[in-house]
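One structure is given below, encoded as structure tokens.
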Amino acid sequence: MIFRQLFDSVSSTYTYLIASRRGGEALIIDPVLDKVERYLQLIEELDLKLIKAIDTHVHADHITGLGTLRDRTRCITVMGRESGVDVVSMRVAEGDRVEIEGLALEALYTPGHTDDSYSFVMGDRVFTGDTLLIRGTGRTDFQNGDPAAQYDSLFQKLLVLPEPTLVYPAHDYNGMTVSTIGEELLHNPRLRIRNRQAYIDQMNALKLDDPMLMDIAVPANRACGLVTAA
Ligand SMILES: [Fe+2]
């Protein structure tokens, strides 16, 4: 398998390029607009054909590369059915499979960070978007975020996966690249609270600044990154 974890240092976003073999079909998860040329170059160098591009949710901190990748490669754009993005070509729901040659991802609906957040399970690993981060969880204070829904997503959908499951998040701000479900259960400070109301209180007590790009990124991403806000 080809598995590349790519980093955008401006927004601390991880983007994943995955294929079952050199010369085969590929998919990309959470591409960043500013990095599209780099992705396309790597795709060409590895002799891949980009078939699908997935956003785990409408991002607030960077502009998605989904629309540009679609225009350049004719790939299928994929998001959850709850997203307000009307130009995606494939909408997934809980349990749906996103397939390319030799690989399949299972969609898990994991709202909380946003109401359109999905995670994707692929064999021994899970792409958790901004629902489960390494030693953290995604903020729940905008974009219809909901700490109660996030608690349920974490404890009913993600943390019940086998403990060796590798965790690949959409962001990391501390240089960590991968974790496991077992490691997060033991060491993630946000998950020490195994009580729904206490988790809600913890999240509501966070006082976070808005992401720098939020006023630009959210409207732009509702159009797959193709239109920037005035
Ligand atoms: Fe996010």
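Listed values, structure above:
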quantity: Selected from G145, A93, S83, residue furthest toward positive end of dipole (region 82-157; charges at beta carbon); calculated: G145
quantity: Relative compactness, region 30-177, computed as alpha-carbon Rg over 2.2 N^0.38 Å; calculated: 1.02
quantity: Sulfur and carbon atoms: percent of accessible area, region 137-230 [1.4 Å]; calculated: 55
quantity: Cubic angstrom per residue, convex hull over Cα atoms of region 146-229; calculated: 138
quantity: Accessible surface of region 13-94, 1.4 Å probe, proportion on carbon and sulfur as whole %; calculated: 44
quantity: Efficiency of FRET between Q41 and S89 - r from beta-carbon atoms, R0 22 angstrom, step 0.05; calculated: 0.35
quantity: Full-extension gain in nm, R72 to R194, via 0.36 nm per residue minus C-alpha separation; calculated: 39.4 nm
quantity: Gaussian network model of the chain, springs between alpha carbon atoms under 10 Å - residue of L105, L132, L69 with greatest fluctuation; calculated: L105
quantity: Equivalent ellipsoid dimensions for region 100-143 as semi-axes, Å, which come from the Cα gyration tensor, largest first; calculated: 23, 12, 6
quantity: Extension gain from N204 to E163, taking 0.36 nm per residue of separation minus the Cα-Cα distance; calculated: 11.9 nm
quantity: Ratio of the Cα radius of gyration of region 45-94 to 2.2 N^0.38 Å, where N counts its residues; calculated: 1.17
quantity: Whole-number accessible area per residue in Å² for the chain, which is evaluated in the context of all protein chains at 1.4 Å; calculated: 43
quantity: For region 1-104, fraction of C-alpha pairs farther apart than 23 Å, in %; calculated: 20
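The values are calculated or read from the model by the stated rules, or taken from the named source; none is laboratory data. On a predicted model such as this, the values are computed, not experimentally measured, just so you know. Please note: Cβ atoms are built from the backbone with ideal geometry, for glycine as well, and neighbour counts cover all protein chains shown. For the accessible areas, the whole protein counts, side chains as well, though only heavy atoms, and no ligand, DNA or RNA atoms are used. Shrake-Rupley method; radii C 1.70, N 1.55, O 1.52, S 1.80 Å.
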